Structure formats: C-alpha cells, structure tokens
1. State whether one or more residues within region 107-116 are part of a helix (DSSP H, G or I), under 20 Å from PHE57 (Cα atoms) and touching a residue at least 60 places away in the same chain (Cβ under 8 Å).
2. Only residues that are hydrophobic (A, V, I, L, M, F, W, C), surrounded by 10 or more Cβ atoms within 10 Å (Cβ to Cβ) and in a helix (DSSP H, G or I): list them for region 29-69, please.
3. Filter region 90-124 down to the residues that are in contact with a helix residue (DSSP H, G or I) (Cβ under 9 Å, 6 or more places away or on another chain) and basic (Lys, Arg), then identify the one that is farthest from GLY80 (Cα to Cα).
4. Of all residues in region 63-89, count the ones that are among the hydroxyl-bearing types (Ser, Thr, Tyr), without any contact (Cβ under 8 Å) to a residue 40 or more places away in the chain and in contact with a helix residue (DSSP H, G or I) (Cβ under 7 Å, 6 or more places away or on another chain).
5. Which of (1) more than 22 Å from LEU49 (Cβ to Cβ); (2) modelled with pLDDT of 90 or more is the odd one out, the single condition THR125 does not satisfy?
6. Go through region 125-144 and give me each residue that's in contact (Cβ under 8 Å) with a residue 40 or more places away in the chain and charged (D, E, K, R).
7. Residues in region 78-97: is at least one out of contact with any strand residue (DSSP E or B) (no Cβ under 8 Å at 6 or more places or on another chain) and aliphatic (A, V, I, L, M)?
8. Looking at region 57-74, can you tell me whether even one residue there is modelled with pLDDT under 85, under 17 Å from the mean Cα position of the chain (by Cα), among the hydrophobic types (A, V, I, L, M, F, W, C) and closer than 28 Å to GLU132 by Cα?
Amino acid sequence: LPHSLTIFFPIVLARARGGPRPPPISEYPISTHNISPLFWWKLSLLRILKSEKHQIFGDGKSVETTSQSILSRLTKPQMGFACMDGYKSSLLFKMREQQLKKYGQDSHFVIIGHPKLATPYSVKTVDKFVAESIAQHHIFETLQ
C-alpha cells in the first residue's frame with residue numbers, strides 16, 4: 001500500500017468544515033445505508049472473474065458468509081456500512097451524499113476498513129473520494 005493511505009485506517013471521520021469537533025474519547029456509530037441486490041450481484045461477478053484490480057493486497061479475509069446470507073443479499077436490499085475495503089469502496093460517494101441529505105453538514109460520516117482487504121481498485125477509489133471530499137471542504141480525522 002502507498003504509505004499515504006495507511007493513515008486512513010482503521011476509521012476515518014469526515015466532517016464538514018466548521019462542523020463540531022468530536023470529544024477526545026467518544027463512541028462513533030459506523031455510517032450505514034441500504035445496499036441494493038444489484039451491488040451484490042456485481043461483487044459476486046467480480047469475485048468469480050478474479051480481476052487483478054480487485055485482488056486484495058494482504059492475506060486478509062472478510063467475514064465468512066452463509067449460503068442463506070448470500071441468497072438474502074442477492075434478492076433483497078441489505079443494510080451495509082461505509083467501508084473502504086475492495087469493491088465496497090465504490091459505494092462511498094453515494095453513501096456520503098445520502099449522509100449529507102439525511103443528517104446535514106454537521107454529521108460525522110464514519111468509514112471503516114482494513115489494510116489487508118485493500119485492492120488496487122479500492123486504493124484508487126478511496127484516493128479519489130478523499131480528494132473530492134477535501135475539495136468540498138470536508139475534514140478527515142483518523143481514530144486509532
């Protein structure tokens with residue numbers, strides 16, 4: 001991974017310029033949004049095709065899923081969290097806009113991720129997301 005991206009792990013908070021600064025010790029809910037079955041179909045296809053840009057850098061593994069949970073994801077909308085891992089990073093732009101519409105400029109948009117689950121695609125996507133967010137005057141903070 002490029003060194004500059006490692007600062008965004010494990011949790012990144014994006015807040016609007018002038019928004020309230022979080023207290024030093026606090027609990028932050030992970031930002032969640034509905035994810036359509038179409039997304040999960042695309043993700044399944046990418047896994048089957050084993051595209052190089054979607055191969056993880058590390059030896060990490062995401063949470064094991066059951067056949068029942070896979071079927072559920074492929075057939076009805078699911079609640080998902082803002083994540084910078086792999087293809088899921090493609091949802092960050094849409095999730096950020098939904099967050100701003102629902103909670104306004106003063107809300108915290110909490111993104112989680114793990115470096116072992118980063119891919120060439122997610123690195124480029126997160127880089128674009130950060131650049132675009134900074135251009136829109138959002139502020140990033142890293143919690144460790």
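The values are calculated or read from the model by the stated rules, or taken from the named source; none is laboratory data. Model, not experiment: these values are computed from the prediction. Cβ placement follows ideal geometry from the backbone for every residue including glycine, while neighbour counts extend to all protein chains displayed.
1. The answer is yes; a qualifying residue exists.
2. Listed by number, the residues that qualify are LEU38, PHE39, TRP40, TRP41, LEU43, LEU45, LEU46.
3. Only one residue fits best here, namely LYS124.
4. Here the count works out to 1.
5. Failed condition: (1).
6. Within region 125-144, ASP127, GLU141 meet the criteria.
7. No, the conditions are met nowhere in region 78-97.
8. Looking for residues that are modelled with pLDDT under 85, under 17 Å from the mean Cα position of the chain (by Cα), among the hydrophobic types (A, V, I, L, M, F, W, C) and closer than 28 Å to GLU132 by Cα, one finds at least one in region 57-74, hence yes.
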